[in-house]
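Report on the following structure.
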């Protein structure tokens, strides 16, 4: 028998087998019969692997058959010259399989383009993975499976960084992964034109992330409004920071942690004043810090202060000079105008050699205007009475940082809290 006649006979045998399957009612069409025949052939080959002892179970036999089939197809790519190595053949086979799957989605109308097909395939694959986790009992719900899937993916990514030598430990890998993700997000904002520079992208990302967090709190019902969410967000952040101090052993209780946080924040703010040149020593910085804190308290309450230590007294309708030096309270009487009271303040400070900024400084003297000129409301500055204060020191954002620290820590605010007095309201 010739090769051609043998092939023809084999084809007729297959056709007869398919027809026989249809006639017995095991399949409705020849195409369906082809599927049934393939399944039977596959089952028979798996059983043969078990019978020969190459696999202990049909499941193990199925895995072995799949491995052998894949190895054979990869070797075929190498033998044909389409790939130089088995590794290259594996990549090529994966690319072709993906391309075929994407094209199938487009041909079936499930996606309009290959790009859309890629998204559809990713979603369906992800959904199938989650469903598999639920079916195996790894997770009780799809939501729980999503969390577990993310955790596993992150753990695998971190381990890969350690294995590649990019990080020495998982902790280091976690930091590195975070840095890379942040860098990628910032670059994406720049590339999309949403930010001109990486610095601007950082600001955009911070604002959007913060806004998203607040919106999420409102949507979950944790807060009724964005304003209420902001307050709650700040409270939670502070509580978490204090708890971290307790957990690390830096503080024994939350009360002790609160004091420690205040001390550290204050020390950092004072050092920043010295580093920026706005104060020569920590002692001088402490005086300026207390003054700035008082101004911050007044401004946050919607009031305007031109001269720290000069207060508007409602009952007498005069300006009173009153301030503190350490634990000692200084009172220099009431005066008709704000400027007159400020001059009395300056004269006392000079005469007693106090390390306190002046409202009308001479050459070489520290000015109290540095903070106020940066942070007083614009309309208040435009309508203020008396001469504009000279500004001494670097016009940086240091004052803003000090304002924030002062408000959070509530430090040295007592100089503006005396009963019966308040800074003048516009």
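Where a number appears in this text, it was derived from the coordinates with a stated rule and is not lab data. Fair warning: this is a prediction, and the values are worked out from it, not measured in the lab. For neighbour counting, all protein chains shown are included, and Cβ atoms are generated from backbone atoms with ideal geometry for every residue, glycine included.
With r as the distance between the Cβ atoms of residue 247 and residue 51 and R0 = 51 Å, compute the FRET efficiency 1/(1 + (r/R0)^6) and round to 0.05.
Numbers: r = 61 Å, r/R0 = 1.19.
After rounding to 0.05, the efficiency reads 0.25.
Find how much the distance from residue 314 to residue 219 grows on full extension, using 0.36 nm per residue of separation minus their present alpha carbon separation; answer in nm with one decimal. Provide the component values of the computation, followed by the final result.
On the way: separation 95, 0.36 × 95 = 34.20 nm, distance 4.55 nm.
Length difference between fully extended and current span is 29.7 nm.
In nm, give the distance between the simple-model label positions of residue 90 and residue 232, each being 7 Å from the Cα along the Cα-to-Cβ direction.
4.9
How much length, in nm to one decimal, is gained on full extension between residue 188 and residue 350, taken as 0.36 nm per residue of separation minus their Cα-Cα distance? Don't skip to the answer; put the middle values down first.
Details: separation 162, 0.36 × 162 = 58.32 nm, distance 5.59 nm.
Roughly 52.7 nm would be gained on extension.
May I ask you to derive the FRET efficiency for residue 138 and residue 39 from their Cβ-Cβ distance with R0 = 22 Å, giving the value to the nearest 0.05? Spell out each step's value before the answer.
On the way: r = 29 Å, r/R0 = 1.30.
The formula returns an efficiency of 0.15 here.
For residue 267 and residue 113, what is the calculated FRET efficiency with R₀ set at 51 Å and r taken between the beta-carbons, to the nearest 0.05?
Working: r = 59 Å, r/R0 = 1.16.
In this case the efficiency is close to 0.30.
With each label point set 7 Å from Cα along the Cα-Cβ vector, what nm distance links residue 131 and residue 160?
2.6
When the chain is fully extended, how far beyond the present Cα-Cα distance does residue 180 get from residue 197, taking 0.36 nm per residue of separation?
The residue 180-residue 197 span can extend by a further 4.4 nm.
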